[in-house]
Amino acid sequence: MNPWLRSAVDYICDWLEFQVMASQQPGCIIAVTHRGAVVTERAFGVANLDTGEKLTPRHRFRIASHSKSFTSAGIMKLREQRKLRLDDPVGQYVTALHQQVAETTIAQVLSHSAGLTRDGVDSGQFIDRRDYLNAKELMAELQQPTTIESNTRFKYSNHGFGLLGLVMEAVTGEPYTSWIKREIIDAGGLKETLPDTPLPKGVPFARGHLRQQPAGRRFVLPGDNPTHAIRSAAGFVSTAADTARFFAQLAPSAKQSVIAAASRREMTRKHWRIPMSFEAYYGLGVNIGQTDGWDWFGHGGGFQGYLSRTIVIPACEVSITLLSNSIDGGAPFWLDGCMQILRAFKTRGAPDRNLRDWAGRWWTMWGAVDLVPMGNRVIAAIPHFNNPFMDASEIEITGRDAGRIVSANGYGSHGETVRRSRGKSGAVTDIWLAGVNVRPSKAVTTEIERRYAPQKRRSR
């Protein structure tokens, strides 16, 4: 692995742990692959707030709409086997559909351009007010006309991917769960993934959690309800490592994959722009975008009590999966922060050897500052930010314990000095960043408690 990437991943994990703590989230797992192999997986927080069970990388999560990418890969594999074509109407395989629905093509359903209803007349299955639809109930709703004319715009549909599950069952003559597990999950070497619950006894499972509001505290959600006919859209259960591995296999340049390179190129090609978004697109079962010049693809997922997101950056041969077990989990925002950190290290490179001992987290009553060596500079990052390097000052090191701020925003301390203080043992005790004295968290905590803790009244 490139030295810059190793340094970036190490800081990503430090920053993410801080984000989970600072935002008071229950937990989060990150997995990073490079060239298809997992190079990092870390877990922070708890799997269940009620029991205090510690979260580990082996805990399974509901990865929700990531399921669509697995289903899409399954469709592409059937296409390679010449068992279906993307321009086939779905009514060729599933009968008793409304004529408008029957006329939509497999490609249109895969790209969310078929005009189908998103979740039907009652989406209570996503808020635990009803069970997920079974095949009979889904078919009853698909006997209604399309919501809008097909092939006119991107319009997301869980019902559409439920329909694709029925198409796959008609083509293969097998239950969706059996075929997708053998041909996609097992074939891809994924040992910790299932297309739906229940899980085998003893498998660690992270529970979902609600927001603090409106109830005033987080409630734990079971998260283990089966998704029935919607499993091909939202039912999958996996670890961060398995999810990242699978998506890495979808890169057109991947050396190993369950589907051919031509199928992967078709999946990850821009088919439709997503309306009301910042240059975001959808392919066949995957999201597509660009951040700071880096093309990426991936998917997100939201299940009651869980939020997750995965991206693949082909230019770096990297995939990243973040799984958070709260309905307000930070995975979507944290993933963007991970990309910003990667970009900064890719641009500046791994730190020079003589700067590495400057790395560390320091505090004032205002919060934390991370000193992050990159290339020939030390960056004063703010780990509270979604992008910790936004408006960050740069320090040029001029001596063992001395430096100068050579770049800062207009409100910063551009041109001023930096110095480290050491105790009798020789260890650094505090740092002066211009006029700001930063110290270890324990020292700042002691100072805050001494100054501001309520004083006990003396009894008379």
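The values are calculated or read from the model by the stated rules, or taken from the named source; none is laboratory data. Since this is a predicted model, take the numbers as computed values, not measurements. Counting neighbours? That spans all protein chains shown, and the Cβs are built from the backbone with ideal geometry, glycine included.
Of everything in segment 21-77 that's in contact with a strand residue (DSSP E or B) (Cβ under 9 Å, 6 or more places away or on another chain) and among the basic types (K, R), which residue is surrounded by the most Cβ atoms within 10 Å (Cβ to Cβ)? If we take residues in segment 21-77 being in contact with a strand residue (DSSP E or B) (Cβ under 9 Å, 6 or more places away or on another chain) and among the basic types (K, R), then R62 is surrounded by the most Cβ atoms within 10 Å (Cβ to Cβ).
For segment 442-453, the condition of being under 14 Å from V369 (Cα atoms) and in contact (Cβ under 8 Å) with a residue 60 or more places away in the chain holds for at least one residue. Scan segment 16-50 for residues that are outside any strand (DSSP E or B), more than 16 Å from the chain's Cα centre (by Cα) and over 23 Å from S257 (Cβ atoms) and the total you get is 7.
The selection criterion, being at negative phi and buried (at least 16 other Cβ atoms within 10 Å of the Cβ), holds for V444. A single member of A244, A170, A229 is out of contact with any Gly (no Cβ under 8 Å at 6 or more places or on another chain), closer than 30 Å to V90 by Cβ and of a type in the set (A, V, I, L, M, F, W, C), and it is A170.
Yes or no, residue by residue, for (1) surrounded by fewer than 20 Cβ atoms within 10 Å (Cβ to Cβ); (2) in a strand (DSSP E or B); (3) not hydroxyl-bearing (S, T, Y):
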site: S178; (1), (2), (3): yes, no, no
site: K181; (1), (2), (3): yes, no, yes
site: I184; (1), (2), (3): no, no, yes
site: K191; (1), (2), (3): yes, no, yes
site: D196; (1), (2), (3): no, no, yes
site: V203; (1), (2), (3): yes, no, yes
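Do we have R182 as free of Cβ contacts under 8 Å to residues at least 40 places away in the same chain and under 16 Å from T227 (Cβ atoms) here? Judged against the criteria, R182 is not a match.
Take segment 205-222 and flag every residue that is assigned to a loop (DSSP other than H, G, I, E, B) and crowded, with 22+ Cβ neighbours inside 10 Å. Correct list: A206, R207.
On the basis of being within 21 Å of V20 (Cβ to Cβ), within 25 Å of the chain's Cα centre (by Cα), modelled with pLDDT of 95 or more and not β-branched (V, I, T), does K68 make the cut? Full working, then the answer.
Values: within 21 Å of V20 (Cβ to Cβ): no; within 25 Å of the chain's Cα centre (by Cα): yes; modelled with pLDDT of 95 or more: yes; not β-branched (V, I, T): yes.
Taking the combined requirement at face value, the residue does not satisfy it.
How about segment 273-299: which of its residues are surrounded by fewer than 18 Cβ atoms within 10 Å (Cβ to Cβ), part of a strand (DSSP E or B) and either aliphatic (A, V, I, L, M) or more than 19 Å from the chain's Cα centre (by Cα) (or both)? Residue satisfying the conditions is R273 alone. Only helices (runs of 4 or more DSSP H) whose full extent lies in segment 96-157 are considered here, and the ones with at least 3 residues that are surrounded by 14 or more Cβ atoms within 10 Å (Cβ to Cβ), at pLDDT 95 or above and out of contact with any strand residue (DSSP E or B) (no Cβ under 7 Å at 6 or more places or on another chain) are 106-110, 135-141.
State yes or no: is S413 among the small types (G, A, S) and at pLDDT below 95? Quick ask: steps written out before the conclusion?
Details: among the small types (G, A, S): yes; at pLDDT below 95: no.
Spelling it out, it is not the case that S413 is among the small types (G, A, S) and at pLDDT below 95.
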